[in-house]
Every structure is written in structure tokens, then in C-alpha cells.
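Okay, structure first, notes after.
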Amino acid sequence: MSGIYVYSDKPDIVAELVGFGRGTGENIHIIACTSVEAENCAELSADKVIFLKGDNDMVENYAKPIAELLQAEGALLFVVGATPRGRDLAARVAGYLNCGMVSDVSSVIYENGKTITKRLIYGGALVRKESFSGFGVVTVPAGIFEPSGNEKAEVVTVEVQPDKRAKIVSISPILREGVDLTAAEKIICVGMGLDKEDDMQMAKDLSQVIGAEIGCTRGVAEDRRWLPVDSYIGLSGITVKPKLLISIAVSGQIQHAVGIRDSKIIVAINTDIKAPIFSVCDYGIVGDMYEVVPMLIKALKNNSFN
Ligand SMILES: Cc1cc2nc3c(=O)[nH]c(=O)nc-3n(C[C@H](O)[C@H](O)[C@H](O)COP(=O)(O)OP(=O)(O)OC[C@H]3O[C@@H](n4cnc5c(N)ncnc54)[C@H](O)[C@@H]3O)c2cc1C
């Protein structure tokens, strides 16, 4: 057996997966299911790019050819980017190969034929460590590994027969109402401690002073509908990792905290000293937002903040 094989429909994640593979000392091969993917992955410092050429654009339909390739080549491990399509493909490949699969890991180490993974369970309350020997499939979200370099790889084209039972009939983009908070560098996150919708203006004023976007907890978007549902952060919402997140009147329950904990600096303002947000944040202000936020705005307006 030899070689770690990686796949993602997102080129940025492929680069990160190659970065992971490089750290293992094993050969690292990228699987591409379309000519665009093969082109995008050609210069990511892999040993080989294997372009599975078939007459179908749905990558999920390449699960069987991928499984056959991995088996024929005696792959050590198949690592897939944890995007919706990647998760679907990974599960199908594991099914065809009748092997184990670990989903959405927060870390993965491959050493001497053993794969050791960690992943969050119970809504992020616990970290579960698992390990397996021999071949398996692992899905890895974006941002876990440093991307690889930009060396050109050999591209090998293999003609395959993808499954044709499902095909793409039409593509329509998801219409997003809010900004893309996942890419924001600064976020003001508001919680249910705000008394009324007009008080959102206070958060908006603070966001303007520091050039931040506005996010919220689930209730603010889903129950009160003060912000679009794309704006709520947490387990069932989005995950953010800004350089700065200022959390206002948010209790910091685990289902919300899992979505903010990769932020570089978290500042929390809450009246309740026992609020869980104070064990997640870097700087905590125990106080009433109606007093603290105007003071912050005033202070920041008088100082440069970068
Ligand atoms: C399966 C599941 C998934 C979930 N997914 C998510 C998710 O993705 N995202 C999410 O956000 N939630 C999620 N939740 C809900 C989550 O458990 C919490 O209920 C929610 O995050 C609480 O929102 P909050 O902090 O805004 O409100 P609260 O918990 O009501 O907290 C409000 C806080 O404001 C403080 N406060 C009040 N007045 C002031 C003031 N004047 N100044 C300063 N502080 C003040 C209070 O002390 C309190 O701590 C989920 C729950 C479940 C069961």
C-alpha cells in the first residue's frame, strides 16, 4: 500500500489537504473529477494529479471509479474536503470500499499506517479522539492545515465510467440576504439581551467605527427576525473566524460558542458574570451594553483601531 489520495471540489481545500499529506512523508496524489478541477490542482505540489475523465459533471457520480482507483493503487488513506459534495462523495466511496469513515475532523495525524483523528461531538461539548489502522476515509473542513506549495505535478488522465443515474439539470445560486460573515475580519455579534430592534442601531454604530460586519445568535435571526438567517453563528448556523469578534449581550451557550471559538480575539459584554461567554472570550466586560457600547464607540472614535 502506498500514497495518500485527496479530493475536494474547492481548490483552496485541496491545497490544504496536500499540505497535510506533505507532512506525513507519504506520496500525495490529488484526484480530479473534471477538467477544471485537474487544471486548478495542477500546481499544488502533489506528486501526481489523477484526472478521472468521464462524461458527467456531478462529482458524486465518480464514487465508484474513485473506489476502484484507490483499491487498484493500494491507497493508504483517502482524505476529502468536508464540503456538502465532498461529504457525499466520501460516504459513497467508503460504502463501495466497505471501510470506516471519520467525518469533519478537527485534526488528523497519519503515522506509520495509523490514522489518529479528533472531532467534536455532542454539539461541540466534547472532543472525541479516534484511531484506525489500514485504509479509511476522512473528511476535513477548510482551515485545518497550511496550504501546500505551488510545484507542478504530473497529470495522469484515466478514462472512467461514472454513474449516470443522476445528472445536473440546472444550477441556480443560493440568494444570500446578508454579507458573507465567514470571510469577515471583524464582527459585532448581538444576542437576545438587546431589548428592542431599535437597539440594533447601537451595534451598527459600533460596527461602523471599527469597520465590522454584524452577526447574531440564533434567536435574533430566527425568532425576532432582526437579521437574515445567514447571519446567525453557531452549530446550526455559520462558523466564523474573524480577527476580532465583539459579542454583545450573548450568553455564549455551547451551540453558539462552537461557531465563534476560532476567532482570534473575542471581546464579550454581558451583565451576568456567570455567563458562559466569559469562559470563551479573551477580554470580558461585565456590564450593561447600554452603558458600555456607547462608551466604547466614544473611546474608539477618539483612537485609531486596527
Ligand atoms: C440543537 C441546537 C442548535 C442550536 N444552534 C444554535 C446556533 O447555531 N446559534 C445560536 O446562536 N444558538 C443556537 N442554539 C441556541 C443556543 O442554545 C442558545 O439558546 C442561544 O445561543 C442563546 O442566544 P443568546 O445568547 O442571544 O440569548 P440568551 O441565552 O437569552 O442570552 C442573552 C444574554 O444577554 C445578557 N444580557 C441581557 N441584558 C443585557 C444588557 N443590557 N447588557 C449586556 N448583557 C445583557 C444576559 O445576561 C444573557 O447572558 C441552538 C440550540 C440547540 C438546542
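The values are calculated or read from the model by the stated rules, or taken from the named source; none is laboratory data. Because the structure is a prediction, the values reported are computed rather than measured. Ideal geometry is used to build each Cβ from the backbone, glycine not excepted, and the neighbour counts take in all protein chains shown.
Scanning the stretch 253-264 for residues that are crowded, with 24+ Cβ neighbours inside 10 Å and within 7 Å of the ligand (Cβ to nearest atom) yields His256, Gly259.
Here Gln208 clears all of (1) surrounded by fewer than 21 Cβ atoms within 10 Å (Cβ to Cβ); (2) touching a residue at least 24 places away in the same chain (Cβ under 8 Å); (3) more than 13 Å from the ligand (Cβ to nearest atom) except the condition numbered (2). Restricting attention to the stretch 265-299, the residues that are assigned to a loop (DSSP other than H, G, I, E, B), out of contact with any Lys or Arg (no Cβ under 8 Å at 6 or more places or on another chain) and within 12 Å of the ligand (Cβ to nearest atom) add up to 7.
Screening the stretch 211-225 for residues that are touching a helix residue (DSSP H, G or I) at 6+ places or on another chain (Cβ under 8 Å), within 30 Å of Asn303 (Cα to Cα) and part of a loop (DSSP other than H, G, I, E, B) and picking the one that is farthest from the ligand (Cβ to nearest atom) gives Ala212. Quick check on my filter: what residues within the stretch 227-246 are surrounded by 19 or more Cβ atoms within 10 Å (Cβ to Cβ), within 12 Å of the ligand (Cβ to nearest atom) and of a type outside the set (Val, Ile, Thr)? Selection gives Leu227, Ser231, Tyr232, Gly234, Gly237.
Looking only at residues in the stretch 141-194 that are basic (Lys, Arg) and in a loop (DSSP other than H, G, I, E, B), the one that is farthest from Asn56 (Cα to Cα) is Arg176.
Within the stretch 262-276, track down each residue that is among the small types (Gly, Ala, Ser) and either modelled with pLDDT under 95 or farther than 23 Å from Pro294 by Cα (or both). Listed by number, the list holds a single entry, Ser263.
A count restricted to the stretch 145-180 and to residues that are over 30 Å from Val250 (Cβ atoms) and surrounded by fewer than 16 Cβ atoms within 10 Å (Cβ to Cβ) stands at 21. Taken over the stretch 94-133, the residue count meeting the criterion of being in a helix (DSSP H, G or I) and within 21 Å of the chain's Cα centre (by Cα) is 3. Of all residues in the stretch 232-261, which are outside any helix (DSSP H, G or I), of a type in the set (A, V, I, L, M, F, W, C) and modelled with pLDDT under 95? Residues satisfying the conditions are Leu235, Ile238, Val240. For the stretch 181-201, the candidate set comprises residues that are away from the ligand (no atom under 16 Å from the Cβ) and in contact (Cβ under 8 Å) with a residue 12 or more places away in the chain; within that set, the residue that is surrounded by the most Cβ atoms within 10 Å (Cβ to Cβ) is Ala184.
(1) touching a Lys or Arg at 6+ places or on another chain (Cβ under 7 Å); (2) within 9 Å of the ligand (Cβ to nearest atom); (3) β-branched (Val, Ile, Thr): which one isn't true of Val250, the others all being true? Val250 satisfies all of (1) touching a Lys or Arg at 6+ places or on another chain (Cβ under 7 Å); (2) within 9 Å of the ligand (Cβ to nearest atom); (3) β-branched (Val, Ile, Thr) except (1). Residues of the stretch 42-64 that are buried (at least 22 other Cβ atoms within 10 Å of the Cβ) and touching a Gly at 6+ places or on another chain (Cβ under 7 Å): Tyr62 alone.
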